[in-house]
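Here the structure comes first, spelled out in structure tokens, and everything after it is commentary.
The values are calculated or read from the model by the stated rules, or taken from the named source; none is laboratory data. Not measured: the values here are computed from a predicted model. Every residue, glycine among them, receives a Cβ derived from its backbone with ideal geometry; neighbour counts consider all protein chains shown. Just so you know, the surface numbers come from the protein's heavy atoms only, side chains and all, with ligands and any DNA or RNA stripped out. Shrake-Rupley method; radii C 1.70, N 1.55, O 1.52, S 1.80 Å.
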Amino acid sequence: MRFHSLICAIEKGLRQQLGLLSVLSAEQYSAPAQSYFKSSAGMHIRHNLDHFSAFFDGLAMGKIDYEGRERDEEVEQVPTVAMDLIEKCINLLDLLRKKETDTSLNIREESESNTDAKVLLLSSVGRELQFLLGHTVHHNALIAMIVHSQGISLPAGFGVAPSTQRHAAKTEKFKT
């Protein structure tokens, strides 16, 4: 079970989102942040889940296009729709956990904003899982700031990278 610990960490981030969605109203979920940027918690969850969908959609073909995301606005506006998609991702990750070997993937690279060129980069399942973990942690941290501005408290470890949590536990900076 080559990806077990990595998948556990990703699932923890997705379960943080599920826990949050179980307490947010639809209005809180879709309310724009009251700060410099105007995105909502729902927009960040939808964006993150778009990456999981792109990963799973491209996995069988060995080619992932994170730029060709669906961007389904219902996911960012309706918490139950997002919860269903998170559960689906967790189930697919659980199936992937049983995979013993890493395989090569082609990832669409898009660094120019005004180009339709589809340059492919070589990657692997493990590397893309690592990307999805970092991406989930990053967006959970942004979500934490958004819901905190609405007066909602979250557990100390919400949106904190596993390595940061391990370091903090050693130095007792915060409890998760």
Filter the range 121-176 down to residues that are among the basic types (K, R) and either without any contact (Cβ under 8 Å) to a residue 12 or more places away in the chain or assigned to a helix (DSSP H, G or I) (or both) and give me whichever is surrounded by the fewest Cβ atoms within 10 Å (Cβ to Cβ).
K170
For the range 73-109, give me each residue that is within 26 Å of A41 (Cβ to Cβ) and out of contact with any helix residue (DSSP H, G or I) (no Cβ under 6 Å at 6 or more places or on another chain).
E73, V78, T80, D84, E87, K88, N91, D94
When S39 is run through (1) buried (at least 19 other Cβ atoms within 10 Å of the Cβ); (2) under 14 Å from Q77 (Cα atoms), the failure sits at (1)
Identify all residues within the range 3-19 that are assigned to a helix (DSSP H, G or I) and more than 10 Å from the chain's Cα centre (by Cα); write none if there are none.
H4, S5, L6, I7, C8, A9, K12, R15, Q16, L18, G19
Within the range 100-116, the residues that are part of a loop (DSSP other than H, G, I, E, B) and either among the polar types (S, T, N, Q) or at pLDDT 85 or above (or both) are T101, D102, T103, S111, S113, N114, T115
Would you confirm whether any residue within the range 28-41 is among the aromatic types (F, W, Y) and in contact with a strand residue (DSSP E or B) (Cβ under 9 Å, 6 or more places away or on another chain)?
yes
Take S5 and tell me if it is open to solvent by 40 Å² or more (accessible area, probe 1.4 Å) and closer than 17 Å to R97 by Cα.
yes
Within the range 46-56, is even one residue open to solvent by less than 30 Å² (accessible area, probe 1.4 Å), in contact (Cβ under 8 Å) with a residue 40 or more places away in the chain and either of a type in the set (V, I, T) or out of contact with any Ser or Thr (no Cβ under 9 Å at 6 or more places or on another chain) (or both)?
yes
Using the structure shown, decide if E70 is outside any strand (DSSP E or B), within 13 Å of the chain's Cα centre (by Cα) and either closer than 20 Å to A9 by Cβ or without any contact (Cβ under 8 Å) to a residue 40 or more places away in the chain (or both).
no
Test for V81: is it free of Cβ contacts under 8 Å to residues at least 40 places away in the same chain, among the β-branched types (V, I, T), open to solvent by 20 Å² or more (accessible area, probe 1.4 Å) and not in a loop (DSSP other than H, G, I, E, B):
yes
Note down all Cβ pairs under 7 Å where the first residue falls in the range 1-28 and is closer than 18 Å to S163 by Cα, the second is open to solvent by 40 Å² or more (accessible area, probe 1.4 Å) and of a type in the set (K, R), and they're at least six residues apart or on different chains.
F3/K99
